[in-house]
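Q: My questions will all concern the structure given below.
The values are calculated or read from the model by the stated rules, or taken from the named source; none is laboratory data. Everything numeric in this text was worked out from a predicted model, so none of it was measured. A quick note on method: Cβ atoms are made from the backbone with ideal geometry, for glycine too, and the neighbour counts reach across all protein chains shown. These accessible areas exclude ligands, DNA and RNA; they are computed on the full protein's heavy atoms, side chains included. Shrake-Rupley method; radii C 1.70, N 1.55, O 1.52, S 1.80 Å.
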Amino acid sequence: MTLRVNDLKVYYQTLRGDVRALDGVTFDLADGEIMGLAGESGCGKTTLGKSMIRLDSRMRHVGGTIELNGKDVPIADDDAMVPLRYREISLIPQYAMSALNPTRKIGRMVNELLRARGVRPADIADELNRRLELVGLDTDVLNRFPIELSGGMKQRVVMVISTLLDPSLLIADEVTSALDVSTQRAVAESMVEFRDRGYVKSMIFVTHDISLVYQMADTIMVMYAGHIVEKAPAATIINEPKHPYTQMLIGALPEVGSTMVQGRLEGIPGTPPGLLNPPTGCRFKDRCPMAFSKCSEQPPLVEIEPGHWAACWKTG
Amino acid sequence: MWRYIGRKLFVYLLTFIVAVTINWMIPRFMPGDPVQSMLSRAQVSDPEALEAMTSYYENLFGLNAPLYEQYLNFWAGLLRGDLGISVMRYPEPVTDIILGAVPYTLALLLPAILLSWVVGNRFGAFAARSKILDNTVLPVGYILTATPYMWLALLLAWSLGIVAGIFPASGGYSFSLRPEFSWLFISDLISHWFLPFLSMFLVALGGWAIGMRNMIIYELEADYANYLQALGAPRKLIRRYAFRNAMLPQITGLAVQLGTIIAGSLLTEIVFNYPGLGSLILDSLNNRDFFLLQGVFLFVVVGVLIANFIIDIVYVLIDPRTRVQMTGGSS
Ligand SMILES: Nc1ncnc2c1ncn2[C@@H]1O[C@H](COP(=O)(O)OP(=O)(O)OP(=O)(O)O)[C@@H](O)[C@H]1O
Ligand code: SF4
Ligand SMILES: [Mg+2]
């Protein structure tokens with residue numbers, strides 16, 4: 001078991017109070033697993049990814065633990081996290097298009113980053129070139145400034161940089177959202193390739209696009225308003241979702257599993273609750289057609305069949 | 001790159017031509033007879049000189065020649081460095097008077113601009129990373145930028161010049177001395193230079209410090225800084241990037257500010273009675289010496305244009321974003 005997240009709570013501190021963006025999140029990620037992470041905008045996907053590598057100044061670790069390869073990940077201790085960053089846990093940020101310093105040539109920036117992390121750039125130069133070619137880039141991009149690259153090229157450069165030290169866990173946050181359909185496929189395929197070649201052990205692939213993630217991920221986890229609602233093998237989530245939210249999400253897809261259709265998460269009536277003062281009980285109950293009296297208590301996340309977890313009183 | 005420089009040069013040339021033309025028009029399209037009013041105001045006592053000057057200027061204006069010819073003559077004179085003869089200090093050529101004043105202005109301007117820019121950026125960058133410093137630099141900076149220049153200059157002249165008597169508050173050097181290359185004269189020159197310099201330096205300092213502080217804080221929050229931090233890059237590296245990127249707008253800021261700084265230096269010279277171009281403008285206005293005024297304006301315009309051009313080129317050399325746009329190397 002590479003990653004084990006247990007009852008993780010991370011809040012944003014704001015002037016109006018705590019935004020409970022992760023409110024008790026529990027899941028496991030196996031060696032070699034690519035897990036798609038889906039859910040409506042604002043449900044806490046990016047927050048979950050960031051929590052595993054670096055809390056920003058407004059984020060506060062309120063409770064819960066993360067374990068990677070049997071060792072505790074001290075997410076609240078910024079200095080203690082440094083050795084893990086990049087080498088064990090790495091990130092392709094949601095803002096990958098602007099993740100590169102605009103005034104440095106890419107190659108020079110990479111070298112400076114590597115040297116700062118105690119790696120001799122010369123030792124890794126061949127590998128860097130090989131991987132750039134693997135994702136379909138000319139190694140000449142290293143002599144260019146970020147502004148000279150297209151969005152898709154920048155996305156791929158960041159992908160190569162982030163995985164250069166072969167981390168155990170990679171968090172890929174919406175790497176395909178800003179790309180056109182064919183580039184999306186190419187990027188998604190290279191991500192799988194990276195896993196297959198062992199450049200990264202396991203991966204959390206955050207996305208809005210369930211039909212894309214269905215084709216590349218082993219498992220899919222669905223979040224709703226700071227909670228996990230369901231996690232199961234990709235095919236199970238698509239074909240036999242158990243949680244009402246997942247069912248509506250899948251039902252909202254125009255044509256499940258078809259390759260060219262971009263499934264966007266929309267079409268469920270109502271909006272998710274605010275996370276500043278979230279309602280008690282099941283957070284989906286206001287929009288859930290099956291809600292009943294028991295739903296005013298929070299449903300626990302239980303394993304309803306091997307490898308299939310759901311948090312709903314109706315499925316338990 | 002060269003195309004860009006060429007384009008810029010063209011724009012500057014155009015600006016120059018327009019400035020010269022406006023300058024040429026001022027005395028010519030003034031109501032009344034500018035020569036007569038100028039000479040009568042100038043109170044030239046020697047009748048011989050008055051007559052010589054009257055005929056000289058009438059001739060210069062060439063009032064009977066067609067306008068375009070007058071205009072071309074003006075350019076021809078300009079290109080030969082001939083800006084006419086001063087009324088106020090007849091028969092000294094305007095060019096000589098200006099060249100005599102320029103060193104004083106430059107000696108004030110260059111150190112004040114550059115030092116305030118360098119020191120301000122340093123302080124601002126420090127402030128961005130230390131709370132204690134931030135709590136002192138920021139208020140002091142705001143006070144300095146908010147203080148009206150006149151007020152600050154007078155305060156300095158009064159406190160350090162008149163009350164404490166450490167530095168002379170007026171003039172370029174003591175009346176008792178003659179310009180020469182001696183220790184006595186040079187130290188006298190420096191002590192006269194100090195107060196006007198300090199006032200300009202202080203006024204500009206606050207703005208640069210605040211600007212730099214805000215830019216660095218902004219850069220440290222930028223996406224690339226967050227990405228590097230997520231990959232465990234040390235603060236040192238991120239700060240270095242942030243500092244460099246924050247410098248870029250400061251350089252543009254310098255270019256934008258140059259015009260106002262030069263105007264500021266004119267004010268300084270007037271307050272401290274410092275013998276540079278600013279005092280010259282005041283004197284020539286008082287004496288209705290249009291040709292001197294014209295010459296000084298031209299000089300100032302050329303100075304601003306050259307300074308802006310230099311900064312334009314520096315900016316291109318250091319910011320890859322503009323560089324890329326210009327060379328069209330994007331794919
Ligand atoms: N800096 C912040 N301060 C306060 N609240 C925040 C902050 N960043 C995010 N949030 C809140 O935390 C919640 C989760 O945000 P997060 O960015 O994790 O969503 P997401 O699932 O990644 O959404 P998207 O799909 O739009 O990227 C949202 O409700 C958001 O309003
Ligand atoms: S717990 Fe109740 S409200 Fe929540 S999803 Fe299940 S049925 Fe709907
Ligand atoms: Mg997000």
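Q: How long are the semi-axes of the equivalent ellipsoid of chain B, defined as square roots of 5 times the Cα gyration tensor eigenvalues? Whole Å, largest first.
A: The three semi-axes for chain B are 44, 29, 14 Å.
Q: Mean projection of the alpha-carbon convex hull of segment A:52-130 over all orientations, in nm²?
A: That works out to 7.0 nm², a quarter of the Cα hull's surface.
Q: So, one more: Taking the Cα centre as origin and putting +1 on Lys and Arg beta-carbons and -1 on Asp and Glu beta-carbons, what dipole magnitude results for segment A:158-235, to the nearest 20 debye?
A: 160 debye
Q: Under 8 Å for C-alpha pairs, at least 6 residues apart: give me the relative contact order for chain A, rounded to a whole percent.
A: 20 percent
Q: Also: Over all residues in A:88-101, what is the mean tally of Cβ atoms on other chains that come within 10 Å of each residue's Cβ?
A: Other-chain Cβ atoms within 10 Å of each residue's Cβ, averaged: 4.
Q: Projecting each Cα onto the charge dipole of segment B:105-231 (Lys/Arg +1, Asp/Glu -1 at the beta carbon, about the Cα centre), which of B:L177, B:G141, B:M215 comes out farthest on the positive side?
A: Going by the charge dipole, the pick is B:L177.
Q: Which value, in Å to one decimal place, does the Kirkwood hydrodynamic radius take for chain A when every pair of different Cα atoms is included?
A: When all Cα pairs of chain A are included, the Kirkwood radius is 20.3 Å.
Q: Under the definition of partner shielding as Cβ atoms of other protein chains within 10 Å of a residue Cβ, what is the mean value for peptide A:158-166?
A: Per residue, the number of nearby Cβ atoms from other chains is 1 on average.
Q: Using heavy-atom solvent-accessible surface (probe 1.4 Å) with all chains present, what is the largest-first order of A:M159, B:M1, B:M150?
A: From most accessible down to least: B:M150, B:M1, A:M159.
Q: Right, something else. Sequence-distant or interchain residues sharing an amide H contact under 5 Å with A:V119, placed H: which?
A: Amide H neighbours of A:V119, under 5 Å, 5+ apart: none.
Q: Here's another thing I want to ask about it. Using 0.36 nm per residue, how much length does the chain from B:I26 to B:F185 gain when fully extended, once their Cα-Cα distance is taken away?
A: Result for the pair: 53.3 nm of gain on full extension.
Q: If packing is taken as the average number of other Cβ atoms within 10 Å across a peptide's residues, how do B:105-114, A:54-63, A:95-104 rank, most packed first?
A: Going from most to least packed, we get A:95-104, B:105-114, A:54-63.
Q: What are the residues whose amide H is under 5 Å from the amide H of A:G24, where those residues sit 5 or more places off or on another chain and H is modelled from the backbone?
A: Amide H to amide H, under 5 Å and 5 or more residues apart or across chains, A:G24 pairs with A:L8, A:K9, A:V10.
Q: Would you mind getting the Kirkwood hydrodynamic radius of the protein assembly as shown from its Cα pairs, rounded to one decimal in Å?
A: 30.3 Å
Q: Amide H to amide H under 5 Å from A:V73: which residues, 5+ apart in sequence or cross-chain, H placed 1.01 Å off N in plane?
A: Long-range HN contacts for A:V73: A:I66, A:E67, A:L68.
Q: Something else now. When ranked by the protection proxy of mean other Cβ atoms within 10 Å per residue, highest first, what sequence do the peptides B:228-241, A:296-309, B:174-187 form?
A: Going by the mean number of other Cβ atoms within 10 Å, highest first, we get B:228-241, A:296-309, B:174-187.
Q: Which ³J(HN,Hα) values in Hz, rounded to whole numbers, follow from the phi angles of segment A:68-73 under the Karplus curve 6.51 cos²θ - 1.76 cosθ + 1.60, where θ = phi - 60° and Gly and Pro get x?
A: Coupling constants for segment A:68-73: 10, 6, x, 10, 5, 9 Hz.
Q: Positive end of the charge dipole of chain B (Lys, Arg +1 and Asp, Glu -1 on Cβ, about the Cα centre): tell me which of B:I318, B:S279, B:L298 has its Cα farthest that way.
A: B:I318
Q: Now for a different question. Rounding to the nearest 20 debye, state how big the charge dipole of segment A:80-195 is about its Cα centre with +1 on each Lys and Arg Cβ and -1 on each Asp and Glu Cβ.
A: Magnitude of the dipole: close to 380 debye.
Q: Follow-up question, since we're still on this one. Can you list the aspartates and glutamates whose alpha carbon is less than 19 Å from that of A:K105, not counting same-chain residues fewer than 8 positions off?
A: Filter leaves A:D126, A:E127, A:E133, A:D138, A:D140, A:E148, B:E219, B:D223, B:D319.
Q: Here is a further query. Could you work out [θ]222 nm for chain B from helices alone, using -39500 (n - 2.57) per DSSP H run of at least four and dividing by all its residues? Round to the nearest 500 deg cm²/dmol.
A: Here the helix-only value at 222 nm equals -26500 deg cm²/dmol.
Q: Hey, can you rank B:158-164, A:108-114 by average C-beta count inside 10 Å, highest first?
A: Packing order, densest peptide first, comes out as A:108-114, B:158-164.
Q: What does the accessible area of B:W193 come to, in Å² to the nearest 10, when a probe of 1.4 Å is used?
A: 50 Å²
Q: Suppose R0 equals 30 Å; then what is the FRET efficiency for B:V302 and B:M150 from their Cβ-Cβ distance, rounded to the nearest 0.05?
A: Plugging the Cβ-Cβ distance into 1/(1 + (r/R0)^6) gives 0.65.
Q: Taking R0 as 56 Å, what FRET efficiency do you get between A:D123 and B:L285 from their Cβ-Cβ distance, rounded to the nearest 0.05?
A: 0.20
Q: Then there is this: Dipole of chain B, Cα-centred, from +1 at each Lys and Arg C-beta and -1 at each Asp and Glu C-beta, to the nearest 20 debye?
A: I would put it at about 1840 debye.
Q: Right, another one. For the charge dipole of chain A, defined by +1 on Lys and Arg C-beta atoms and -1 on Asp and Glu C-beta atoms about the Cα centroid, which residue among A:N277, A:A311, A:C288 has the Cα displaced farthest towards the positive pole?
A: My answer, from the dipole projection, is A:N277.
Q: Could you give the length gained on full extension between B:F126 and B:F309, defined as 0.36 nm per residue of separation minus the Cα-Cα distance, in nm?
A: Working it through step by step, the gained length comes to 62.9 nm.
Q: Net charge around B:Q250, counting only other residues with Cβ within less than 13 Å of its Cβ (Lys, Arg = +1; Asp, Glu = -1)?
A: +1
Q: Taking Cα centroids, how far is segment A:142-164 from segment B:265-313 in Å?
A: Between the Cα centre of segment A:142-164 and that of segment B:265-313, the gap is 50 Å.
Q: Next question, about the same structure. To the nearest 0.05, what FRET efficiency results for A:V192 and A:A80 with a Förster distance of 35 Å applied to their C-beta separation?
A: 0.65
Q: Let me know the mean shielding of A:139-150 by other chains, meaning the per-residue number of their Cβ atoms within 10 Å of its Cβ.
A: Across the residues of A:139-150, the mean count of other-chain Cβ atoms within 10 Å is 3.
Q: Also, I was wondering about something else. Per DSSP H run of n ≥ 4, the term is -39500 (n - 2.57); total these for chain A, divide by its residue number, and report the mean residue ellipticity at 222 nm rounded to 500 deg cm²/dmol.
A: So the calculated ellipticity at 222 nm is -7500 deg cm²/dmol.
Q: Taking A:K294 as the anchor, which aspartates and glutamates have their alpha carbon closer than 12 Å to its alpha carbon, excluding any fewer than eight residues away along the same chain?
A: none
Q: Would you mind telling me which residue in B:I313, B:I17, B:I132 has the biggest mean-square fluctuation in a Gaussian network model of chain B, where springs connect alpha carbons within a distance under 10 angstrom?
A: Top of the fluctuation ranking is B:I132.
Q: With θ set to phi - 60°, apply the Karplus curve 6.51 cos²θ - 1.76 cosθ + 1.60 along segment B:245-253 and write out the HN-Hα couplings as whole Hz, x wherever there is a Gly or Pro.
A: 3J(HN,Hα) across segment B:245-253, in whole Hz: 5, 6, 5, 4, x, 5, 5, 4, x.
Q: For the Cα atoms of chain A, what angle does the longest principal axis make with the long axis of helix A:181-196, in degrees from 0 to 90, nearest 10?
A: Roughly 80 degrees, rounded to the nearest 10.
Q: Go through A:K45/A:K201; A:K50/B:K236; A:K71/A:K154; A:K201/A:K314 and tell me which ones have a Cα-Cα distance over 31 Å in this structure.
A: A:K71/A:K154; A:K201/A:K314
Q: May I pose another question? So how far apart, in nm, are the two label points at B:D46 and A:Q215 if each is 7 Å from Cα heading toward Cβ?
A: So the two model labels end up 9.5 nm from each other.
Q: Starting from the Cα of A:R60, step 7 Å toward the Cβ, then list every residue of segment A:273-287 with an amide N under 18 Å from that point.
A: It comes to A:275-278, nothing else.
Q: Using protein heavy atoms only (no ligands, DNA or RNA), what is the total accessible area buried between A and B, 1.4 Å probe, nearest 100 Å²?
A: Approximately 2500 Å², summed over both chains.
Q: With Rg and the Kirkwood Rh both taken from Cα atoms, where does Rg over Rh land for segment A:84-123?
A: We get a ratio of 0.99 for segment A:84-123.
Q: May I pose another question? For segment B:287-295, just list the computed ³J(HN,Hα) in residue order, Karplus coefficients 6.51, -1.76 and 1.60, θ = phi - 60°, integers in Hz, with x standing in for Gly and Pro.
A: Karplus-based 3J(HN,Hα) across segment B:287-295 equals 9, 6, 8, 5, 6, 5, 4, 4, x Hz.
Q: Express in Å², to the nearest 10, the accessible area of A:C312 obtained by rolling a 1.4 Å probe over the protein heavy atoms while all chains stay in place.
A: 20 Å²
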